[in-house]
Every structure is written in C-alpha cells, then in structure tokens.
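Colleague: To start, I am sharing the structure in question, which I have written as structure tokens.
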C-alpha cells in the first residue's frame, strides 16, 4: 500500500505510511469489535503484545517523522530489494519459504 500511495497519489513516504496506518487502525478496530462481541478475546494473553505493539508504533512514528522522506524512501527500497532477493534465492535453490526445506513431492 505504501508504494501505491507514493506512486499513484504522489504522497511522501511519511504521509503514505501514516495513511496506511490510519486504514489499519480502522480495520483492526472493526475486527476487534467483532471478536469482542463473540467473546473470543483472552484479554490477559493479549495485554502484553498490545502494550508492546503500542510502544513500538509510538517509537516507530517518532523515528519516521524524525528521519524524514529521504531516509524512509531508502530504508523502504532496501527492505524491498532484500526481501525480493531472499524470495528469488528460495526460488532458485528450490526451498520452501515457509519451512526452509525442499518441497516434498506427493505421489
């Protein structure tokens, strides 16, 4: 989504990431309400990850604003290249990405 916002809507990386996060907040909020209504949430189990994610998001947002568009673009492009090369290496080596092993042929 970030690349789409940058390429098609001409947003800077900070604005694109912020827009994507806003969409994530609403979609996660709706999913949380659905799970709450069905009594499927273990609040004690979810408290620690929720606090950790909140702290990480807060620190990440501060860092993104501090770094600015140029550094975010560099980091984004490096991450995309590394993940793409990793994926290509799995394809070339014939390894299963999920398990890190060679795929098994089922007769």
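Nothing in this text is a laboratory measurement; each read-out follows from the coordinates by a stated rule. Quick caveat: nothing in here was measured; it's all calculated off a predicted structure. Reconstructed Cβ throughout: ideal geometry from the backbone, glycine too, with neighbour counts over all protein chains shown.
Colleague: Using just the helices of the chain, give the 222 nm mean residue ellipticity in deg cm²/dmol: DSSP H runs with n ≥ 4 each add -39,500 (n - 2.57), and the total is spread over all residues, rounded to 500.
Modeller: The per-residue figure over the chain is -28000 deg cm²/dmol.
Colleague: Using Cβ counts within 10 Å as a stand-in for footprinting exposure, how do 51, 72 rank, fewest first?
Modeller: Lowest to highest Cβ neighbour count: 51, 72.
Colleague: Report the residue, chosen from 63, 93, 55, that carries the largest GNM mean-square fluctuation when the chain is represented by alpha-carbon nodes joined by springs under 10 Å.
Modeller: 93
Colleague: With contacts defined as alpha carbon pairs under 8 Å and 6 or more residues apart, what's the relative contact order of the chain in percent?
Modeller: Result for the chain is 21 percent.
Colleague: Tell me which label goes with the value of P(r) over Cα pairs in 5 Å bins from 0, in percent computed from the coordinates here: (i) 2, 12, 24, 26, 18, 10, 5, 2, 0; (ii) 2, 10, 12, 15, 13, 14, 15, 14, 5, 1, 0, 0; (iii) 2, 11, 19, 26, 23, 13, 5, 1.
Modeller: Recomputing P(r) over Cα pairs in 5 Å bins from 0, in percent here picks out (ii).
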